[in-house]
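Student: Let me give you the structure first, and then I'll get to my questions.
The values are calculated or read from the model by the stated rules, or taken from the named source; none is laboratory data. Predicted model, so just to flag it, every value in this text is computed and none were measured. Cβ sites come from the backbone with ideal geometry, for glycine too, and all protein chains shown count toward neighbours.
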Amino acid sequence: MALDPAALPGPALAFLAERHLATLTTLRPDGTPHVVPVGFTWDERARVARVITGGGTRKARNAAAGGRAVLCQVDGWRWLSLEGPVRVLDDPASVQDAVQRYAERYRPPRENPERVVLEVAVDRVLGLVERPAPRG
C-alpha cells in the first residue's frame, strides 16, 4: 500500500519510532543491488531517513555516486519501505545531529572519526502497518 510521505498515519510513525533494524539498498557501480542491515532514524518534519556509517563503506561509496536508496523495516506482518534520492553528508553539524538521533532510537554508537550520514529524501513510502479488515 502506498502512503504519503508528507502525511504518514499514526501507526506508521509509531512503527518508525520503534527499535528495529532495516535493510538499506543502494546500487553498486555495475548496477547490482547492495543490501545491508542498518539502524536508521526518521525525521518526520524534514521527511528524511538518516543512516550513520563510515565514509569508506560500500554503502557510503554507492550513495556518494548519486541515485536512489531504499530502507525497509520489517517486524512480523508490519513493514515500511522508504525510498528516495540519497546523498552523503560529512559536515560536523549534520553528523552530530544524526548521531544524537541514532543514540535516542538505539544506543550511543561507538566513536568513528570517519563517520558520515547517508540522508534519504523520502519521496515514496510503501508498507503495511495496520491489519487489513477481514474480508467477507
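Student: Of (1) touching a helix residue (DSSP H, G or I) at 6+ places or on another chain (Cβ under 8 Å); (2) at pLDDT below 95, Leu24 satisfies all except one. Which?
Tutor: Of everything listed in (1) touching a helix residue (DSSP H, G or I) at 6+ places or on another chain (Cβ under 8 Å); (2) at pLDDT below 95, Leu24 misses just condition (2).
Each row is one residue, and each column tells you yes or no for (1) small (Gly, Ala, Ser); (2) under 26 Å from Gln96 (Cα atoms).
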residue	(1), (2)
Pro9	no, no
Thr26	no, yes
Ala46	yes, yes
Ala49	yes, yes
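Student: Tell me which residues, restricted to the stretch 47-83, are at positive phi and either touching a Pro at 6+ places or on another chain (Cβ under 7 Å) or in contact (Cβ under 8 Å) with a residue 24 or more places away in the chain (or both).
Tutor: Answer for the stretch 47-83, where residues must be at positive phi and either touching a Pro at 6+ places or on another chain (Cβ under 7 Å) or in contact (Cβ under 8 Å) with a residue 24 or more places away in the chain (or both): Arg47, Gly67.
For (1) surrounded by 11 or more Cβ atoms within 10 Å (Cβ to Cβ); (2) part of a helix (DSSP H, G or I); (3) under 13 Å from the mean Cα position of the chain (by Cα), each residue gets a yes or a no:
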| position | (1), (2), (3) |
| --- | --- |
| Ala14 | yes, yes, no |
| His20 | yes, no, yes |
| Leu24 | yes, no, yes |
| Gly31 | no, no, no |
| Val36 | yes, no, yes |
| Ala49 | yes, no, yes |
| Ile52 | yes, no, yes |
| Lys59 | yes, yes, yes |
| Ala63 | yes, yes, yes |
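Student: Next question. Can you confirm whether the stretch 112-121 contains a residue that is in contact with a Lys or Arg (Cβ under 8 Å, 6 or more places away or on another chain), surrounded by fewer than 16 Cβ atoms within 10 Å (Cβ to Cβ) and not aromatic (Phe, Trp, Tyr)?
Tutor: no
Student: While we're looking at this one, here's another question. Looking at the stretch 105-135 only, could you name the residues that are charged (D, E, K, R), assigned to a loop (DSSP other than H, G, I, E, B) and in contact (Cβ under 8 Å) with a residue 24 or more places away in the chain?
Tutor: Across the stretch 105-135, the qualifying residues are Glu114, Asp123, Glu130, Arg131.
Student: Same structure, new question: Aliphatic (A, V, I, L, M), free of Cβ contacts under 8 Å to residues at least 12 places away in the same chain and in a helix (DSSP H, G or I), is that true of Ala93?
Tutor: Here the answer is yes, as Ala93 does meet what is asked.
Student: Follow-up. Give the residues of the stretch 86-101 that are farther than 19 Å from Thr32 by Cβ and surrounded by 13 or more Cβ atoms within 10 Å (Cβ to Cβ), sorted by residue number.
Tutor: Within the stretch 86-101, Arg87, Val88, Leu89, Asp90, Ser94, Val95, Asp97, Ala98, Val99, Arg101 qualify.
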